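Enquirer: Supplied in structure tokens, the structure appears directly below.
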Amino acid sequence: MNYSVGIDVSKGKSTVAIVDSSEKLQERVFDIQHSQSGIEELKTHLKKYSEGEIRILIEATSHYHFPLLFSLQEAGFFVCVANALSIKRFSDEDIRRAKNDKKDSVKLAMYCCEKWNRLSEFQPQECIRNDLVFLSREYAKNIQVQTRLKLQLSDLIDKTFAGLKSLVNAENRFPLLLDIYEKYCHVEMVLSIPKEVFIADIEATAKKNGHRIGAKIGEAIYNAAPQIVSLRPNNSFTQLAVTNCVQLLRQAIKATHAIITEMDSLAKTLPEYQIVSDMNGVGPKTRARLIAEIGNVIRFKNARCLIAYCGIDAPPYQSGQFQANNRHISKRGNKYLRKVGYEVMRNLKTSHPKHDTAVYDYIVKKELEGKSKKSAKIAGLNKFLRIYYARVNEVMLLT
């Protein structure tokens, strides 16, 4: 007798349902707490059905299912982690739709029973890869914080010193912009001192940031200042807002740099690190994130599986005599991999590589065919992932 166990995981607790191969519920659905005693109680409970084969199905959550998953695997149970979209589509077959934890756990158990022979056991990643994925998620969160703070800073500059970003050329000299704006957050602060003193101070600040055109920038700012109209008065409240924003932004940039540095140190211990580093478009900020989000390529059957995992595949759509030819990408995959992959394509397009230009030439070809720049980069990412899979898979098979 085979037993299918469906576990609906939520924050702090899980709901468990057990059915046999005839889809008959073996006992009342019950809850367990996410504690050491709760998990041990579940493992002891499942051993009652040890006369048959047990397979456990857990729906993937962001991270709540990991403690339960790893504990059950350590105890020797067959555990499968199901994609949430697959479970939803299976649930949509019911005419009467109802949702609560008990019904969800039963549906998971029924899914496990029906797909018994097609289930594959969850393969935990190595500790290094697991740590890389964790840091990659933290990096993404820090980038979001950094983006919000940059928008806040831009809003403050527009209110107190409009045009400063273009005068400093903040796109390429952002740390210098922060230093200047923290010292001179208002037009009145610039005009209150002699021009020579202001230019000398900006020149010294620029040298600390590694720039040699501080005098030119200082003169441009001082000459433009009399024509700038500020929307905020130069008072303690304005200075407090500017100081807090600049300090928070510096901390966010420092934290992001620390995370990506640690990720790169971890990635260096993996066999594919050098192969990925040598690929055009991959830089210090994308290398470790790319390795983290793709993981071990051996788990993918072929390159098409990796492309589908990225969510840039365009599944066919055909019905009767109708055949759709212009299909959009599915976007049903790892959004973090899509993001870092697009960054790599953007870097590749601007770098104009001299060797190993297959992906670059493909992007240019698609643009000449009339594709938008974004569509051409996505097409290039498709080709890039195929090359990545071939090169890294060869290395992984040799190790």
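Enquirer: Given the structure, is GLU394 modelled with pLDDT of 95 or more, open to solvent by 30 Å² or more (accessible area, probe 1.4 Å) and either part of a helix (DSSP H, G or I) or acidic (Asp, Glu) (or both)? Please lay out each step first, then the result.
Expert: Values: modelled with pLDDT of 95 or more: no; open to solvent by 30 Å² or more (accessible area, probe 1.4 Å): yes; either part of a helix (DSSP H, G or I) or acidic (Asp, Glu) (or both): yes.
For GLU394, the condition - modelled with pLDDT of 95 or more, open to solvent by 30 Å² or more (accessible area, probe 1.4 Å) and either part of a helix (DSSP H, G or I) or acidic (Asp, Glu) (or both) - is not met.
Enquirer: Checking the condition open to solvent by 50 Å² or more (accessible area, probe 1.4 Å), at pLDDT below 95 and out of contact with any Lys or Arg (no Cβ under 8 Å at 6 or more places or on another chain), which residue from SER330, SER375, SER319 passes?
Expert: Details: SER330 fails: open to solvent by 50 Å² or more (accessible area, probe 1.4 Å); SER375 fails: out of contact with any Lys or Arg (no Cβ under 8 Å at 6 or more places or on another chain).
That would be SER319, the only listed residue that is open to solvent by 50 Å² or more (accessible area, probe 1.4 Å), at pLDDT below 95 and out of contact with any Lys or Arg (no Cβ under 8 Å at 6 or more places or on another chain).
Enquirer: For the stretch 275-284: of the residues being assigned to a helix (DSSP H, G or I) and closer than 24 Å to HIS257 by Cβ, which is least open to solvent (accessible area, probe 1.4 Å)?
Expert: Within the stretch 275-284, the first condition is being assigned to a helix (DSSP H, G or I), and the residues that meet it are 275-277.
Retained after the next criterion (residues that are closer than 24 Å to HIS257 by Cβ): 276-277.
Details: VAL276: 0, SER277: 27 Å².
Here the residue is VAL276.
Enquirer: Here's another thing I want to ask about it. Looking at SER22, SER14, which one is surrounded by fewer than 13 Cβ atoms within 10 Å (Cβ to Cβ) and either in a helix (DSSP H, G or I) or in contact with a helix residue (DSSP H, G or I) (Cβ under 9 Å, 6 or more places away or on another chain) (or both)? Steps first, answer last, please.
Expert: On the way: SER14 fails: surrounded by fewer than 13 Cβ atoms within 10 Å (Cβ to Cβ).
Going through SER22, SER14 in turn, just one is surrounded by fewer than 13 Cβ atoms within 10 Å (Cβ to Cβ) and either in a helix (DSSP H, G or I) or in contact with a helix residue (DSSP H, G or I) (Cβ under 9 Å, 6 or more places away or on another chain) (or both): SER22.
Enquirer: For the stretch 1-52, give me each residue that is free of Cβ contacts under 8 Å to residues at least 24 places away in the same chain, among the hydroxyl-bearing types (Ser, Thr, Tyr) and closer than 18 Å to PHE78 by Cα.
Expert: Correct list: THR44, SER50.
Enquirer: May I pose another question? Between GLN123, GLN152, GLN146, which is of a type in the set (S, T, N, Q) and open to solvent by less than 30 Å² (accessible area, probe 1.4 Å)? Please lay out each step first, then the result.
Expert: Details: GLN123 fails: open to solvent by less than 30 Å² (accessible area, probe 1.4 Å); GLN152 fails: open to solvent by less than 30 Å² (accessible area, probe 1.4 Å).
Going through GLN123, GLN152, GLN146 in turn, just one is of a type in the set (S, T, N, Q) and open to solvent by less than 30 Å² (accessible area, probe 1.4 Å): GLN146.
Enquirer: Mind checking which pairs have a first residue in the stretch 149-167 that is closer than 16 Å to VAL229 by Cβ and outside any helix (DSSP H, G or I) and a second that is among the β-branched types (Val, Ile, Thr) and open to solvent by 20 Å² or more (accessible area, probe 1.4 Å), Cβ under 8 Å, 6 or more apart or different chains?
Expert: Close Cβ pairs satisfying both conditions: PHE161/ILE228; ALA162/ILE228; ALA162/VAL229; GLY163/ILE228.
Enquirer: On the given criteria, is ILE87 of a type outside the set (Lys, Arg) and at pLDDT 90 or above? Outline the logic, then answer.
Expert: Numbers: of a type outside the set (Lys, Arg): yes; at pLDDT 90 or above: no.
Answer is no for this residue.
Enquirer: Now, a different point. Taking the residues in the stretch 176-195 that are assigned to a helix (DSSP H, G or I) and not hydrophobic (A, V, I, L, M, F, W, C) as candidates, determine which candidate is least open to solvent (accessible area, probe 1.4 Å).
Expert: If we filter the stretch 176-195 for residues that are assigned to a helix (DSSP H, G or I), which is where we start, we get 176-183, 187-191, 195.
Within this subset, residues satisfying the condition of being not hydrophobic (A, V, I, L, M, F, W, C) are 179, 181-183, 188, 195.
Values: ASP179: 40, TYR181: 2, GLU182: 65, LYS183: 94, GLU188: 106, LYS195: 64 Å².
Ranking the candidates gives TYR181 first.
Enquirer: Within the stretch 343-359, how many residues are open to solvent by 40 Å² or more (accessible area, probe 1.4 Å) and under 15 Å from ARG386 (Cα atoms)?
Expert: 2
Enquirer: Give me a count of the residues in the stretch 200-224 that are farther than 13 Å from VAL168 by Cα and open to solvent by less than 60 Å² (accessible area, probe 1.4 Å).
Expert: The total comes to 3.
Enquirer: Kindly indicate the residue of the stretch 225-235 that is in contact with a helix residue (DSSP H, G or I) (Cβ under 6 Å, 6 or more places away or on another chain) and in a loop (DSSP other than H, G, I, E, B) and also most open to solvent (accessible area, probe 1.4 Å) among those meeting that condition.
Expert: Of all residues in the stretch 225-235, those in contact with a helix residue (DSSP H, G or I) (Cβ under 6 Å, 6 or more places away or on another chain) come to 225, 228, 230-232, 234.
From what is left, the residues that are in a loop (DSSP other than H, G, I, E, B) are 228, 230-232, 234.
On the way: ILE228: 33, SER230: 37, LEU231: 131, ARG232: 92, ASN234: 52 Å².
The extreme case among them is LEU231.
Enquirer: I'm trying to understand the selection: among the residues of the stretch 25-59, which are within 33 Å of the chain's Cα centre (by Cα), open to solvent by 10 Å² or more (accessible area, probe 1.4 Å) and of a type outside the set (Val, Ile, Thr)? Please lay out each step first, then the result.
Expert: Within the stretch 25-59, the first condition is being within 33 Å of the chain's Cα centre (by Cα), and the residues that meet it are 31-36, 38-39, 55-59.
This time we only want the ones that are open to solvent by 10 Å² or more (accessible area, probe 1.4 Å), so: 31, 33-36, 39, 55, 59.
Residues satisfying the conditions are ASP31, GLN33, HIS34, SER35, GLN36, ARG55, GLU59.
Enquirer: Same structure, new question: From the list THR261, THR238, THR256, which one is more than 24 Å from LEU290 (Cα to Cα), hydroxyl-bearing (Ser, Thr, Tyr) and either without any contact (Cβ under 8 Å) to a residue 12 or more places away in the chain or open to solvent by less than 40 Å² (accessible area, probe 1.4 Å) (or both)? Reasoning before the result, please.
Expert: Values: THR261 fails: more than 24 Å from LEU290 (Cα to Cα); THR256 fails: more than 24 Å from LEU290 (Cα to Cα).
Unique residue meeting the criteria: THR238.
Enquirer: Let me ask you something else. Taking the conditions exactly as written (within 30 Å of THR357 (Cβ to Cβ) and open to solvent by 70 Å² or more (accessible area, probe 1.4 Å)), does GLN251 satisfy them or not?
Expert: In short, no.
Enquirer: Quick one: GLY370 ticks every box in (1) open to solvent by 40 Å² or more (accessible area, probe 1.4 Å); (2) in a helix (DSSP H, G or I); (3) over 21 Å from SER277 (Cβ atoms) except a single one, so which number is it?
Expert: Among (1) open to solvent by 40 Å² or more (accessible area, probe 1.4 Å); (2) in a helix (DSSP H, G or I); (3) over 21 Å from SER277 (Cβ atoms), the lone unmet condition for GLY370 is (2).
Enquirer: Next up: Quick one: how many residues across the stretch 264-274 are out of contact with any Pro (no Cβ under 8 Å at 6 or more places or on another chain), in contact (Cβ under 8 Å) with a residue 24 or more places away in the chain and assigned to a helix (DSSP H, G or I)? Explain how you work it out, then say what you get.
Expert: Initially, the stretch 264-274 is screened for residues out of contact with any Pro (no Cβ under 8 Å at 6 or more places or on another chain), giving 265-274.
This time we only want the ones that are in contact (Cβ under 8 Å) with a residue 24 or more places away in the chain, so: 266-267, 269-272.
Applying the additional criterion that residues be assigned to a helix (DSSP H, G or I) yields 266-267.
The number of residues fulfilling the criteria is 2.
Enquirer: Same structure, new question: Of the residues CYS310, CYS305, only one is surrounded by fewer than 18 Cβ atoms within 10 Å (Cβ to Cβ), under 22 Å from MET396 (Cα atoms) and under 24 Å from the mean Cα position of the chain (by Cα); which? Before the answer, list the steps.
Expert: Values: CYS310 fails: surrounded by fewer than 18 Cβ atoms within 10 Å (Cβ to Cβ).
Going through CYS310, CYS305 in turn, the sole match is CYS305.
The values are calculated or read from the model by the stated rules, or taken from the named source; none is laboratory data. Given the structure is predicted, the values throughout are model-derived calculations rather than measurements. Reconstructed Cβ throughout: ideal geometry from the backbone, glycine too, with neighbour counts over all protein chains shown. Just the protein is used for accessible areas: all its heavy atoms, side chains included, with ligands, DNA and RNA removed. Shrake-Rupley method; radii C 1.70, N 1.55, O 1.52, S 1.80 Å.
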